[in-house]
Structure formats: C-alpha cells, structure tokens
1. Of the residues that sit in the stretch 22-36 and are hydroxyl-bearing (Ser, Thr, Tyr) and surrounded by 10 or more Cβ atoms within 10 Å (Cβ to Cβ), which one is nearest to the chain's Cα centre (by Cα)?
2. Consider residue 45 carefully, then state whether it is of a type in the set (Val, Ile, Thr), surrounded by fewer than 10 Cβ atoms within 10 Å (Cβ to Cβ) and under 43 Å from the mean Cα position of the chain (by Cα).
3. In the set 11, 19, 101, 3, which member is at pLDDT below 95, exposed (fewer than 10 other Cβ atoms within 10 Å of the Cβ), part of a helix (DSSP H, G or I) and not aliphatic (A, V, I, L, M)?
4. In the stretch 29-67, what residues are aliphatic (A, V, I, L, M) and farther than 21 Å from residue 14 by Cα?
5. How many of the residues in the stretch 22-59 are part of a helix (DSSP H, G or I) and of a type in the set (Lys, Arg)?
Amino acid sequence: MGREGPLELVRLQSKNLIRYQDTYAEQMAAYGLQRGIKGSEAQHISTHEYYRSLIAQGEDLQANVTQLLEEQEKARLVIAEAEQAKKDLARIKVEIKREQRHLPQKMPVASIEDSKQ
C-alpha cells in the first residue's frame with residue numbers, strides 16, 4: 001500500500017465495513033436475518049438508552065390504559081343513565097295511557113256559527 005492520507009483511510013475502512021456487513025448478511029440469510037439498509041443514517045443507541053426508552057414507553061402505555069379505563073367507566077355511567085331514562089320513559093307512557101282511559105271522552109266543540117243561533 002502506498003501513502004494514504006487520513007481521508008483515504010476512512011474511505012477504505014468504510015468500504016471494508018460495508019463488505020463485512022454484506023458478507024455477514026449473506027451468511028446469516030440462512031437463519032432469516034437480513035442486512036440493514038445500505039447508507040442508512042440510523043444511529044446505534046446504548047443498551048441503557050434503549051431500556052430507558054422502553055421504560056418511558058411502558059409508562060406512556062400505562063397512562064393510556066388508565067385514561068381508557070376512566071373513559072370506560074364514564075361510558076358505563078352514561079349507558080346506565082340512558083337505560084334508566086328509557087325505563088322512566090316507558091313507565092311514563094304507561095301512566096299516560098292509563099290516565100287517558102280514565103278521562104271522559106272529549107265532547108265535540110260547537111262551532112262559532114252554532115253559538116250565534
């Protein structure tokens with residue numbers, strides 16, 4: 001090898017890493033593994049950061065579950081109120097029919113011309 005400058009070394013190292021990833025992916029294909037996206041801007045995160053994000057996601061999920069349970073309880077109360085209102089309406093209709101049966105028949109109203117005679 002000749003005298004490579006720092007930029008040339010970086011380029012060679014990058015090519016070597018790409019080749020390593022390609023050959024590793026080829027060998028691991030038998031196990032269902034796939035190579036990562038070439039040229040990806042994805043960054044490695046530490047195990048600590050990964051687990052910290054998992055814990056944060058878990059806390060968010062727990063908050064969502066709590067909120068959904070509260071909304072479910074409110075919905076149950078609304079449904080119970082609606083069912084009670086339906087029963088009350090049915091009872092009132094029965095009472096109205098009962099009262100209508102006991103009222104005397106309406107007498108025909110005389111017209112204004114009949115009253116003039």
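The values are calculated or read from the model by the stated rules, or taken from the named source; none is laboratory data. Every value quoted in this text rests on a predicted model; they were computed, and no experiment measured them. Every residue, glycine among them, receives a Cβ derived from its backbone with ideal geometry; neighbour counts consider all protein chains shown.
1. That would be 24.
2. Considered against the rule, which asks whether it is of a type in the set (Val, Ile, Thr), surrounded by fewer than 10 Cβ atoms within 10 Å (Cβ to Cβ) and under 43 Å from the mean Cα position of the chain (by Cα), residue 45 comes out as no.
3. It is 101.
4. Correct list: 29, 30, 33, 54, 55, 56, 61, 63, 65.
5. Count: 1.
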